[in-house]
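Undergrad: Dropping the structure in here first, questions after.
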Amino acid sequence: MFYANRDNVDETYIFRLGTIYGFNHCMKFEGVVHKFLFDTIVTEKISIDGSGKQHRPFIHVKSVAHFIQSVIAGKIKSGEIQNLFIEILSVGKVAERLKTSFPSLEIIYVNQDHKFGNLLLGENDITKTLLENSAKGFNVENFFSQYFNN
């Protein structure tokens, strides 16, 4: 949530962020993309809980930063819940994309008898704009490629 007071008018913005990935100063390794990258580098193995068919929304940290800059600049309307993501992928698809950049990666499925739900966000005007502006640059596959080729 973001709160602003412009011209003595209170404005509230509510953001629902997908799973954020990308290099940043306080990178955490709980998210699926960063966890998979860490495990790949350290052990060359990743484990997927369940079938891997569970879906998650993803957004690059730079897309979040651009959105927040737009809010601060007053380009975004307040009072609406904004769902922010670039693409929705299954956890298995994220692993497959990582494997294309790291062919020796071993993917292990654990807890296959457990059912894991999807975390989905609905599209809105902001999401559509993010999708249009980010389609060329930031996605999980590009992140993996950039990481392993640099």
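FYI, it's all coordinate maths here, none of it is from the lab. Predicted model, so just to flag it, every value in this text is computed and none were measured. All Cβ positions, glycine included, derive from the backbone under ideal geometry; neighbour counts span all protein chains shown.
Undergrad: Calculate, for Glu30 and Ile81, the FRET efficiency according to 1/(1 + (r/R0)^6) with r their C-beta to C-beta distance and R0 22 Å; round to the nearest 0.05.
TA: After rounding to 0.05, the efficiency reads 0.40.
Undergrad: Now a separate question. Given the Cα-Cα distance of Ser70 and Ile108 and 0.36 nm per residue of separation, how much length would full extension add, in nm?
TA: 9.6 nm
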